[in-house]
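*Asks:* The structure that follows is given in the form of structure tokens.
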Amino acid sequence: MTTVEEAAFAGDEAAFADLAGRHRRELHVHCYRMLASFDDAEDAVQETLLRAWRGRDGYDGRTYFRAWLYRIATNVCLDVTRRLARRQAASPGEMVWLQPYPDQLLDEIAPPADQPDAVVVDRETIELAFLVALQSLPARQRAALIARDVLGWSANDTAALLETSVAAGNSALQRARATMQQRLPARRTDWSAPRPTAEERELLDRFIDAHERCDTAAAIAIAAEDLRVSMPPDQLSFVGLTACVPLLERAFGPDRDGDWRLVPTSANRLPAAATYLRRPGDTVFRAFKLDVLRINDGAIAEIITFGYSRFPAFGLPDHMTT
């Protein structure tokens, strides 16, 4: 053990909290991948740190402290999955618990000292499509795939994480990979940009402009024919531009609820827009929804819409005056 670890494990609660706290954000992202919920991940991290403190006597000093915390966090997430009895989901619309992750919080994770320019949270492993595909896996297969293909752990370390044999861990990984290949969108290797590209930002600007001007034609012009719109909290999904156009017509038409203002942001390394609505007779624009966009071949291929309850995590105000 290092001197800091020795103090932490000697019963110095403040030292332990400081040592464990250095890994808090990356543990949160790990739990988020396991659970696909920002709030559930926060609860899981709290439980992880509590279990780590209470079980500090079980730390042998030979295992890396970070790996020890990941093992605890994974077990917490497996317990959460069992307790909540969440069924495996095939689409965002089925996942009422799905929540977005603010990019500014992903950027808080420091890269390794010897790789200062490294992308710590790669887009491929945090994008919503990847999260949804993960949720189609049994929890232990999910943990195996995250350990091997996201964290880059060895077969031995993964087996230790799952408290199983190397053979069983490898078997779980193979089954998980096969399922993910079936579930993930085509051209997954094109997702490698660490954050929204210039093309995606330009399409986001056009998306915002079309909505603020209530221009249905402009919104249709930037959408793919097979556009998918999902609203996880409400378990609603619309597939195909024909099915989605009535949504735009209701939002932009003469009987719309009011005027719109949108603020650009980013979530899960994707372009996003926070929407505010000023209803007739009101003097301010109030928080309404958050749209996360997936763009493919120069068009918006998917919109996942979340409620305004996510605004605080993004540092967004609850209203705007202009």
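*Asks:* Can we say residue 291 is of a type in the set (Asp, Glu), closer than 24 Å to residue 322 by Cα and surrounded by 17 or more Cβ atoms within 10 Å (Cβ to Cβ)?
*Replies:* So residue 291 fits the description; yes.
*Asks:* Now a separate question. When only residues in region 170-194 that are of a type in the set (Gly, Ala, Ser) and either surrounded by 13 or more Cβ atoms within 10 Å (Cβ to Cβ) or modelled with pLDDT under 90 (or both) count, which is farthest from residue 273 (Cα to Cα)?
*Replies:* 171
*Asks:* Can you pull out the residues in region 152-169 that are buried (at least 18 other Cβ atoms within 10 Å of the Cβ) and in a loop (DSSP other than H, G, I, E, B)?
*Replies:* Within region 152-169, just 153 meets the criteria.
*Asks:* Just for region 205-239: of the residues that are touching a residue at least 60 places away in the same chain (Cβ under 8 Å), crowded, with 16+ Cβ neighbours inside 10 Å and of a type in the set (A, V, I, L, M), which one is nearest to residue 95 (Cα to Cα)?
*Replies:* Of everything passing the filter in region 205-239, 231 is nearest to residue 95 (Cα to Cα).
*Asks:* Restricting to region 302-315, name every residue that is more than 18 Å from residue 259 (Cα to Cα) and surrounded by fewer than 18 Cβ atoms within 10 Å (Cβ to Cβ).
*Replies:* Those that are more than 18 Å from residue 259 (Cα to Cα) and surrounded by fewer than 18 Cβ atoms within 10 Å (Cβ to Cβ): 309, 312, 315.
*Asks:* Hey, another quick one. Taking residue 226 as meeting all but one of (1) touching a His at 6+ places or on another chain (Cβ under 8 Å); (2) more than 22 Å from residue 316 (Cα to Cα), write down the number of the exception.
*Replies:* So the condition that residue 226 fails would be (1).
*Asks:* Return the only residue of 242, 197 being within 19 Å of the chain's Cα centre (by Cα), at pLDDT below 95, among the polar types (S, T, N, Q) and surrounded by fewer than 20 Cβ atoms within 10 Å (Cβ to Cβ).
*Replies:* Going through 242, 197 in turn, the sole match is 197.
*Asks:* Could you tell me whether region 68-87 includes any residue that is under 29 Å from residue 272 (Cα atoms), touching a residue at least 60 places away in the same chain (Cβ under 8 Å), in contact with a Phe, Trp or Tyr (Cβ under 9 Å, 6 or more places away or on another chain) and of a type in the set (Phe, Trp, Tyr)?
*Replies:* Looking through region 68-87, none of the residues is under 29 Å from residue 272 (Cα atoms), touching a residue at least 60 places away in the same chain (Cβ under 8 Å), in contact with a Phe, Trp or Tyr (Cβ under 9 Å, 6 or more places away or on another chain) and of a type in the set (Phe, Trp, Tyr).
The values are calculated or read from the model by the stated rules, or taken from the named source; none is laboratory data. Given the structure is predicted, the values throughout are model-derived calculations rather than measurements. Methodologically, a virtual Cβ is constructed for each residue, glycine included, from the backbone with ideal geometry; neighbour enumeration extends over all protein chains shown.
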